[in-house]
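Please read the structure below before turning to the comments.
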Amino acid sequence: MSDSVHATNGTAASVETESDAAIDATDATDDAASAAADAAITSDDDAGDAGDADEYTFDDLSVVMGTYNEEEAIGTVLDDVESVTDGKAEIVCVDGSDDRTPEIAREHGARVVEQEPQGYGVAVREAILTPDRPVVVTTDCDDTYPMEALPEFLAEVNDGADVVSGDRLYHGAEAMPAFNRLGNHAFAAVASLLMGERVHDTTTGMRAYRREVVEEIGWTENTGLSAELLIRPLMRGYDVRERPIHYAERLGDTKLDPIGGGAAIAKSIVTVCLEEQLRRF
Ligand SMILES: Nc1nc2c(ncn2[C@@H]2O[C@H](COP(=O)(O)OP(=O)(O)O)[C@@H](O)[C@H]2O)c(=O)[nH]1
Ligand SMILES: [Mg+2]
């Protein structure tokens, strides 16, 4: 594995940045990113020598999710993770259900953390901070996200990415309700404007993160956590890459109120972007 966490000197790294161009950990003025870079740079500094033995495998991967009354979908989602990763990925569900979801999760070998339902971000923050494994992938427990993309996401991390973000809008996201699709295009446009970096899907539920990144940053948002998980790392100079994914129709009912949830996400995007801009001064 080559140098892994790519902190730049306080300026935003562009999405899709070629990994080597972004490496300048010694110049990092961003404390958090710099500390993460120090922690993650391997002793094998010669990229040419980086062999397969240093690369992350599915044994290094945790797939995590909030689960709230998802008994229709959870079996399929966990079966998919198991078959794609050959049963090697750890699965963590932070669960607030009053249906059979946690039971089914345990039957599939998942680690279940019980939590009173308090919203998407409260559950997912707990989910990403629970595992010890070095790579954490988030997903929704509704069968919308393609677990077949896990190998590609892991490959991007092995290529140097700190965050790999699944872009649902690239392929059109036909399975998404039209109102949500429009809203998601608008969120991406506003976030891009406020960050000065073009992003395409700020509210996707499927991303891979190096564990250092989720541990180094203090997360504040609930419904808007997904956007925050993209914006803060990007604006702190981490190597953040969007990759197109296919998005499928949901099994079971959504837990997000489109109007109230949409307003909360818009507020999170503006707040987090402004906070991160101010942090640079
Ligand atoms: N534990 C927990 N999980 C939640 C909560 N709210 C949403 N989720 C889960 O978070 C994921 C995203 O929610 P979802 O309804 O799919 O939102 P959408 O994709 O925007 O329609 C799903 O797996 C939900 O079960 C909550 O309050 N507690
Ligand atoms: Mg969903």
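Every number here is computed from the coordinates shown, using simple stated rules; none is lab data. For clarity, every value in this text was computed on a predicted model and none was experimentally measured. When we count neighbours, we look across all protein chains shown, and the Cβ atoms used for this are built from the backbone with ideal geometry, even at glycine.
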* Structure fact -> Gly109 passes all but one of the listed conditions (1) crowded, with 24+ Cβ neighbours inside 10 Å; (2) under 20 Å from Asp59 (Cβ atoms); the exception is number (1)
* Looking at Asp239, Asp201, Asp257, which is the one that is within 16 Å of ligand 2 (Cβ to nearest atom) and surrounded by 20 or more Cβ atoms within 10 Å (Cβ to Cβ)? -> Asp201
* Structure fact -> Across the stretch 132-169, the tally of residues that are within 17 Å of Gly205 (Cβ to Cβ) and either within 16 Å of ligand 1 (Cβ to nearest atom) or among the basic types (Lys, Arg) (or both) stands at 17
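Of everything in the stretch 242-254, what is within 16 Å of ligand 2 (Cβ to nearest atom) and crowded, with 19+ Cβ neighbours inside 10 Å? Give them in sequence order. Talk me through it step by step, then tell me what you get.
Residues of the stretch 242-254 that are within 16 Å of ligand 2 (Cβ to nearest atom), as a first pass: 245-254.
Answer for the stretch 242-254, where residues must be within 16 Å of ligand 2 (Cβ to nearest atom) and crowded, with 19+ Cβ neighbours inside 10 Å: Ile245, Tyr247.
Taking the options Tyr247, Tyr238, name whichever one is within 12 Å of ligand 1 (Cβ to nearest atom) and more than 13 Å from Leu194 (Cβ to Cβ). Full working, then the answer.
Details: Tyr238 fails: within 12 Å of ligand 1 (Cβ to nearest atom).
Step by step, each of Tyr247, Tyr238 is checked, and only Tyr247 is within 12 Å of ligand 1 (Cβ to nearest atom) and more than 13 Å from Leu194 (Cβ to Cβ).
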* Could you give me the residue pairs with C-beta distances under 8 Å whose first residue belongs to the stretch 60-72 and is in a loop (DSSP other than H, G, I, E, B), whose second residue is charged (D, E, K, R) and away from ligand 1 (no atom under 12 Å from the Cβ) wherever it lies, and which are 6+ apart or on separate chains? => Glu71/Arg100
* To do: For Ala263, state whether it is more than 13 Å from the chain's Cα centre (by Cα), surrounded by fewer than 23 Cβ atoms within 10 Å (Cβ to Cβ) and under 26 Å from Val135 (Cβ atoms).
  => no
* Structure fact -> Of the residues in the stretch 203-251, those that are within 11 Å of the chain's Cα centre (by Cα) and of a type in the set (Phe, Trp, Tyr) come to Tyr209
* To do: Identify all residues within the stretch 218-236 that are in contact with a helix residue (DSSP H, G or I) (Cβ under 7 Å, 6 or more places away or on another chain), over 21 Å from Ala175 (Cα atoms), buried (at least 19 other Cβ atoms within 10 Å of the Cβ) and hydrophobic (A, V, I, L, M, F, W, C); write none if there are none.
  => Leu225, Ile231, Leu234, Met235
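Please work out which residue is nearest to ligand 2 (Cβ to nearest atom), limiting yourself to the stretch 130-184 and to residues that are acidic (Asp, Glu) and closer than 18 Å to Gly224 by Cα. Steps first, please.
Looking only at the stretch 130-184, we keep the residues that are acidic (Asp, Glu), and these are 132, 140, 142-143, 148, 152, 156, 159, 162, 167, 174.
Those left that are additionally closer than 18 Å to Gly224 by Cα: 140, 167.
Working: Asp140: 4, Asp167: 15 Å.
Filtering first and then ranking leaves Asp140.
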* In the stretch 73-83, which residues are more than 16 Å from ligand 2 (Cβ to nearest atom) and part of a loop (DSSP other than H, G, I, E, B)? -> none
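Quick grid of which residues meet (1) touching a residue at least 24 places away in the same chain (Cβ under 8 Å); (2) under 13 Å from the mean Cα position of the chain (by Cα):
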position: Ala110; (1), (2): yes, no
position: Thr139; (1), (2): yes, yes
position: Glu152; (1), (2): yes, no
position: Asp162; (1), (2): yes, yes
position: Ser165; (1), (2): yes, yes
position: Ala178; (1), (2): no, no
* Go through the residues of the stretch 169-176 one by one and say whether even a single one is among the aromatic types (Phe, Trp, Tyr) and surrounded by fewer than 24 Cβ atoms within 10 Å (Cβ to Cβ). => yes
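Could you check the stretch 187-207 and list, in sequence order, the residues that are of a type in the set (A, V, I, L, M) and in contact with a Gly (Cβ under 9 Å, 6 or more places away or on another chain)? Break it down stepwise before answering.
So in the stretch 187-207, the residues of a type in the set (A, V, I, L, M) come out as 188-191, 193-195, 199, 206.
Hit for the stretch 187-207 is Met206, nothing else.
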* Within the stretch 84-106, restricting attention to residues that are assigned to a strand (DSSP E or B) and more than 16 Å from ligand 2 (Cβ to nearest atom), which residue is surrounded by the most Cβ atoms within 10 Å (Cβ to Cβ)? -> Val92
* Give just the number: which of (1) touching a strand residue (DSSP E or B) at 6+ places or on another chain (Cβ under 6 Å); (2) away from ligand 2 (no atom under 16 Å from the Cβ) does Asp59 not satisfy? => (1)
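Looking only at residues in the stretch 185-198 that are among the aliphatic types (A, V, I, L, M) and under 11 Å from Leu230 (Cβ atoms), which one is surrounded by the most Cβ atoms within 10 Å (Cβ to Cβ)? If you could, list the steps in order and put the result at the bottom.
Taking the stretch 185-198 first, the residues among the aliphatic types (A, V, I, L, M) are 186, 188-191, 193-195.
Adding the requirement that they be under 11 Å from Leu230 (Cβ atoms) leaves 188, 191, 195.
Working: Ala188: 23, Ala191: 27, Met195: 21.
Filtering the stretch 185-198 for residues that are among the aliphatic types (A, V, I, L, M) and under 11 Å from Leu230 (Cβ atoms), the one surrounded by the most Cβ atoms within 10 Å (Cβ to Cβ) comes out as Ala191.
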